[in-house]
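Input: a single structure, listed below in structure tokens.
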Amino acid sequence: MSFSTDIKEELCELQSASACCKKAEALGMLVFGRNFSLSDISFMTELNCVAMRYCNLIYELTGVSPVISYSKAGNHKVRIDKKEERQKILEFFGYTGKEISLSINFGNFENTDEEENCCYCAFVRGAFLVCGNITNPEKEYHLEFNISRMKLASEFLTVLNEIDLNMKTLLRNSTQLVYCKESESIEDCIGKIGATKSFFFLMETRAIKQVKNKINRRTNFEAANLSRTIEAGIAQIELIEHILSKIKLTDMTEDLAELCTLRLENPEASIDELGKMMSMPLSRSAVSRRFKKLKDIKEEIDKR
Ligand SMILES: [Zn+2]
């Protein structure tokens, strides 16, 4: 089951407390459904719960019972059969059905109190139920609303702005896509439309991802450090073996001889560790200086 389906099922179980929000949610479903005009009010959905929510809301608000039929693919087609019923619904939401181009009738948002903004949130919930889609956050962050008309898409952005949700639009295959790819904005939207359980799931997924990324970064960093240490050790051993093929340990100063011995015995030790192993412990830079000295010795030997 897709993540979109999970959220939609969660939303369909929500009880709208206030009448104002029922109206706003129903408007979202009507306006963003397939058709909302005097000649046709209908929409399609794969989900029975969404079809039932649409029917219940319309019936509660207007007394009209939508009709559900099923396509061969198993989709639910919900429509209002009679013209006078369509007229009744259009009038209820302040439309004549003769509008040249459909727009959002903002007069339907009864509670636009900035603190609550309940009706805008309910409207976006209705829109999500009929034309929204979200990708599983474990794969990718992507939330979108498929809207058929450009004007509706830009008005929808206005509604989203009212509840501090910033999304973008994109034209794809002659539909307007209102979308968002930021994890926190997606969480925000899902929380605001009322899917609390999914909201927490999104937050949790993001937190787990962040921790995983941190661990990966650290592991990569440590692995890189380790391989640098080993490479340096190998180069130093080659250097020492080269020198010892020409001169004896006893020909070197005591501290250089001790360092060479320690390095040959501890090929994987870091410069720091080598310094600490010396009978007179040396700092990292003191050890480095001695390896520099060994390089000079090698160059001198090679010149001979
Ligand atoms: Zn409300």
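The values are calculated or read from the model by the stated rules, or taken from the named source; none is laboratory data. The structure presented is a predicted model; accordingly, all values stated were derived computationally and were not measured. Positions of Cβ are generated from backbone atoms using ideal geometry, with glycine treated the same way; all protein chains shown enter the neighbour counts.
Points worth noting:
- In region 249-294, of all residues being among the β-branched types (Val, Ile, Thr) and over 27 Å from ALA223 (Cα atoms), the one that is surrounded by the fewest Cβ atoms within 10 Å (Cβ to Cβ) corresponds to THR250.
- In region 98-111, the residues that are polar (S, T, N, Q) reach residues that are more than 16 Å from the ligand (Cβ to nearest atom) and outside any loop (DSSP other than H, G, I, E, B) with C-beta atoms within less than 7 angstrom, at least six apart or across chains, in these pairs: SER101/LYS151; SER103/LYS151; SER103/LEU152; SER103/GLU155.
- Residue in region 98-111 that is more than 16 Å from the ligand (Cβ to nearest atom), more than 26 Å from GLN176 (Cα to Cα) and in contact with a strand residue (DSSP E or B) (Cβ under 7 Å, 6 or more places away or on another chain) present: no
- Criterion violated by LEU90 - all others in (1) within 13 Å of LEU30 (Cβ to Cβ); (2) outside any helix (DSSP H, G or I); (3) more than 16 Å from the ligand (Cβ to nearest atom) satisfied: (2)
- Sole exception among (1) within 27 Å of LYS151 (Cα to Cα); (2) part of a helix (DSSP H, G or I) for SER42, by number: (2)
- Unmet requirement for PHE221, which otherwise passes all of (1) aromatic (Phe, Trp, Tyr); (2) part of a helix (DSSP H, G or I); (3) closer than 22 Å to THR5 by Cβ: (3)
- Single unsatisfied condition, ALA19 versus (1) within 16 Å of the ligand (Cβ to nearest atom); (2) on the phi > 0 side of the Ramachandran plot: (2)
- Residues that are within 16 Å of the ligand (Cβ to nearest atom) and either farther than 22 Å from ARG149 by Cβ or of a type in the set (Val, Ile, Thr) (or both), drawn from region 112-138: THR112, ASP113, GLU114, GLU115, GLU116, ASN117, CYS118, CYS121, VAL124
- Total residues in region 73-88, condition closer than 19 Å to LYS23 by Cβ and under 38 Å from the mean Cα position of the chain (by Cα): 2
- Residue ID - farthest from GLU10 (Cα to Cα), chosen from residues in region 197-228 that are free of Cβ contacts under 8 Å to residues at least 12 places away in the same chain and polar (S, T, N, Q): SER227
- Test for SER2: is it in contact with a Gly (Cβ under 7 Å, 6 or more places away or on another chain) and either at pLDDT below 95 or of a type in the set (Ser, Thr, Tyr) (or both): no
- Per-region count, region 225-248, residues in contact with a Ser or Thr (Cβ under 7 Å, 6 or more places away or on another chain) and either loosely packed, with under 14 Cβ neighbours inside 10 Å or of a type in the set (D, E, K, R) (or both): 0
- Of all residues in region 25-40 being within 28 Å of the chain's Cα centre (by Cα) and within 16 Å of the ligand (Cβ to nearest atom), the one that is farthest from PHE123 (Cα to Cα): MET29
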